[in-house]
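Contents: one structure, followed by commentary.
Values in this text are rule-based calculations from the coordinates and carry no lab data. Treat the numbers as computed from the prediction; the structure is a model and nothing was measured. Methodologically, a virtual Cβ is constructed for each residue, glycine included, from the backbone with ideal geometry; neighbour enumeration extends over all protein chains shown.
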Amino acid sequence: MEAVKQSLEYFENNKERMTEEYLNILRIPSVSTNPENAADMKRTAEFLANYFKKIGVEKVEIFPTPLHPILFAEKKSNKPGAKTLLVYGHYDVQPVDPIEEWQSDPFDPTFRGDYLFARGASDMKGQVMTSVFALESALQSGDLPINIKFILEGEEEIGSPSLESFIVDHKDLLACDMILNPDAGMVGKDKPTIVYGLRGMVYFEVRIDGPRVDLHSGLWGGNIANPANVLAEMIGKLHDENGAVAIPGFYDQVPVMTADERARIATAPYSEAEMLEITGSPMLYGEAGYTPLERQGARPTLDVNGIYSGFIGDGAKTIIPAYAKAKISCRLVPNMDPMRTYELVRDYILSIIPPTVKAKVFLHSAGPAYLADDAPGVENFVDALTTVWNNPITYKREGGSVPVATVMQRELGVKSILTGFGLPDDAIHSPNERMYYPNWLKGIRAMIRFYLSFGEN
């Protein structure tokens, strides 16, 4: 325990400096989807590489990709037979639009009370820096009981197009006994959380084409099918009156939830009232027969993510649009094959399109669900969290998708510990993203304990 004591003391003595470094990386606008931010992406990778070198990490390398660089860092232990931990993270962030809704500059981190507001404060520069600062602190104990590797990418917010091939081509470099992925979060300020399940996803686009060009609605309305109307009718047929997906066969691969599974999900302290407060919705909606928590992580969904057609500017323009398109995603649960689900949905959509228009369906991405509550090292991490928060762990099935966990399990043969220190109301893809600073500090303390806990075994 002396090593833990020394490392925690170092952190307490240096947390103000570390906080300033956290603010510095938040100031870099590493928006991966914007070509104009390409230099900022490289600058962020270099910032991290330089910091690793400064704290004594000998092996640091930036790998170029067709888009944004991948950073690898490794600190080896002198302990014979030491196990290896691989930490995954991403340094890219979401766009800031709509900028007018931000209360402060998204790339000028600002404290308001206990919250730090900035793009990336929570997702996921904040989580990345907890892992880095914990390593810096743990090194003050003299030596690590484990080898620690980092893989930090810059394309997670755009679907990680370069990551899978990198992992496939660098299996020896990334070989490990444990994987920590802190790209999840907590269900409440005092509720340390382990995410043991993630939904997969199929993301596709539907395009309806009618006339060659936009037509005058007075001359052609009533004789030419309106693609926007057809798209709306199609979307209306995707769900039934009970909130279930109405596509025949959609639930055929979905396993029946056991009583034990439903009981475990029900332990999460996340009420309907909290969901309504966070979202601002007047009431909840969803598949009948399941609780909100069950629908959030253990049931599949189909949602329209975006619609475009015709004239959408200010004022009026009377046209029949030439085309209409919708972006649609399906969240998947274990046992659902992504491509089989996509083909099922695609074929159903094409079957209900009338002959008065033409339709195409384009697949953007597809990834399976993930289930793992037995990841190597999870007991040590649970001990670290419960010690710092002095509260029991909440186990959660997350509604979102983290495809890298599935890829790493397949290619490296190791399941990931999924956790994080952000909160449900951090607005991670919205204006005024924030991090609850006291939990960020606790997260570093927990990570220090986790890194050093293997010296006790």
### Pair residue 237, residue 168: separation of 7 Å Cα→Cβ label points (nm)
3.7 nm
### Summary
With x for Gly and Pro, the residue-by-residue ³J(HN,Hα) of the stretch 114-130, computed from phi through the Karplus equation 6.51 cos²θ - 1.76 cosθ + 1.60 at θ = phi - 60° and given in whole Hz, is 8, 10, 9, 9, 4, 5, x, 4, 9, 10, 10, 4, x, 5, 4, 6, 4
### Task
Report the normalised scattering of the stretch 113-157 as log10 I(q)/I(0) at q = 0.19, 0.24, 0.28, 0.33 Å⁻¹, calculated by the Debye formula with identical scatterers on the alpha carbons.
-0.74, -0.93, -1.06, -1.24
### Residues listed by number, the stretch 332-347, amide nitrogen under 11 Å from residue 429 label point at 7 Å toward C-beta
none
#### Entry: Compactness index (Cα Rg / 2.2 N^0.38 Å), the stretch 2-68
1.40
### Query
How many percent of all Cα-Cα pairs in the stretch 393-437 sit more than 17 Å apart?
50 percent
### Message
How high is the relative contact order of the stretch 25-65? Use alpha-carbon pairs under 8 Å, at least six apart in sequence, and give a whole percent.
### Response
28 percent
### Query
Considering only the chain, what is the antiparallel percent among its DSSP beta bridges, to the nearest 5?
70 percent
### Task
Compute the label zone of residue 352 within the stretch 309-341: residues whose backbone N is under 17 Å from the point 7 Å along Cα-to-Cβ.
325-331, 341
### Task
Quote the relative contact order of the chain in percent (integer), defining contacts as alpha-carbon pairs under 8 Å separated by 6+ residues.
26 percent
### Summary
Counted neighbours (other Cβ, 10 Å), sorted fewest up, put 133, 311 in the order 311, 133
### Query
What is the spin-label model distance, in nm, from residue 373 to residue 288 if the labels are put 7 Å beyond Cα along the C-beta direction?
3.0 nm
### Task
Rounded to the nearest Å, what's the spacing between the alpha carbon centres of the stretch 51-77 and the stretch 10-44? Just the number, please.
15 Å
### Query
For residue 200, which sequence-distant residues (separation of 5 or more, or a different chain) have an amide H within less than 5 Å of its own amide H, given hydrogens modelled in the peptide plane?
332, 333, 369, 370
### Summary
Rounded to the nearest 5, the percent of DSSP beta bridges in the stretch 71-222 running antiparallel is 45 percent
#### Entry: Estimated dipole of the chain in Debye, rounded to 20 [Cβ of Lys and Arg +1, of Asp and Glu -1, Cα centre]
460 debye
#### Entry: For the chain, convex hull of alpha carbons as volume per residue, Å³
161 Å³
### Task
Write down the Å³ per residue value for the convex hull defined by the alpha carbon atoms of the stretch 37-168.
123 Å³
### Summary
Correct semi-axes for the stretch 154-195, from √(5λ) of the alpha-carbon gyration tensor and rounded to whole Å with the largest first, are 27, 16, 5
### Cα centroid separation - the stretch 188-251 against the stretch 328-378, whole Å
13 Å
### Task
Taking the convex hull of the Cα atoms, report for the stretch 222-374 its projected area averaged over all directions, in nm².
12.2 nm²
### Task
Work out how much length residue 409 to residue 39 would gain on full extension: take 0.36 nm times their residue separation and subtract the Cα-Cα distance, in nm to one decimal.
130.0 nm
### Query
Check residue 420: other-chain or 5+ apart residues with amide H under 5 Å from its amide H, H built from backbone geometry?
184, 185, 193
### Query
What is the percent of Cα-Cα separations in the stretch 173-235 that go past 14 Å?
75 percent
